[in-house]
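Undergrad: Provided herewith is a single structure, encoded as structure tokens, for subsequent inquiry.
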Amino acid sequence: MRKLVYFIGVSIDGMIAGPDGDTGFHPLAPDMVAHLRTEFPETMPTHIRPLIGMAVDTPNKRYDTVVMGRGTYQPALNEGIDSPYTHLRQYVVSRSLTGIADPAVTLVPGDPLALVRQLKAEDGDLDVWLCGGANLAGQLLPEIDELVVKSYPVVAGGGVPMFSGGFGPRGFTPVEVLTFGHGGTVTTYRPPQG
């Protein structure tokens, strides 16, 4: 069975974005960027790839599908980009969008849990990437099989948290922690076995 992986960047205080959705305050380090480009190439938007020296057709390594909420999709729309990840199957979960211009992006106005359960049950060697945001992650928490958290050495002081929704603790165990030149980390968590 395929996994749902929440691959996300956060500040020390757990913010994935500022109050206006900005993520530019997350400081980057060359060694972290090199690691992400090598190990998670499919998380680089298609239109950004040439700007960072990546081939547009760089093969997917971990994911073949991306699921995102309206807030995560909106920055691409603001730039006139209807299909930000042309190298992945793309699903946008939104009750407020009435349609998406690009047929390569599937609008999901209904239950995200049903969508994710269907995607996880498909045959395939690659997993499903939950790209964000907080509300969608909160709804999908019961289905998350792995967290890959890029933690940046900065305090946001407010903004969009990693998860939002009702209180419902769920344990995860760190299985790998990588530290980079600026003190940031990439930590992989999985639910405890048993």
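The values are calculated or read from the model by the stated rules, or taken from the named source; none is laboratory data. Note that the structure is a prediction, hence the values are computed from the model and not measured. A quick note on method: Cβ atoms are made from the backbone with ideal geometry, for glycine too, and the neighbour counts reach across all protein chains shown.
Undergrad: Under 9 Å by Cβ, and 6 or more places apart or on different chains, what pairs join a residue from segment 163-180 that is loosely packed, with under 10 Cβ neighbours inside 10 Å with one that is small (Gly, Ala, Ser) and not in a loop (DSSP other than H, G, I, E, B)?
TA: Taking only residues 6 or more apart or on different chains, the pairs are Gly166/Gly138; Gly168/Gly138.
Undergrad: Let me ask something else about it. Working carefully through the options Gly18, Gly110, find the one that is surrounded by 16 or more Cβ atoms within 10 Å (Cβ to Cβ), at pLDDT below 95 and out of contact with any helix residue (DSSP H, G or I) (no Cβ under 7 Å at 6 or more places or on another chain).
TA: After applying the criteria, what remains is Gly18.
Undergrad: Now for a different question. Those residues that are among the acidic types (Asp, Glu) and in a strand (DSSP E or B), I need them from segment 124-141; list them, please.
TA: The one that is among the acidic types (Asp, Glu) and in a strand (DSSP E or B): Asp127.
Undergrad: Out of segment 63-97, which residues are surrounded by fewer than 18 Cβ atoms within 10 Å (Cβ to Cβ), under 14 Å from Leu130 (Cβ atoms) and at pLDDT 95 or above?
TA: The answer is Arg89, and nothing else.
Undergrad: Might you check whether a residue that is in contact with a helix residue (DSSP H, G or I) (Cβ under 6 Å, 6 or more places away or on another chain), polar (S, T, N, Q) and under 29 Å from Met54 (Cβ atoms) occurs anywhere in segment 130-148?
TA: There is no residue in segment 130-148 that is in contact with a helix residue (DSSP H, G or I) (Cβ under 6 Å, 6 or more places away or on another chain), polar (S, T, N, Q) and under 29 Å from Met54 (Cβ atoms).
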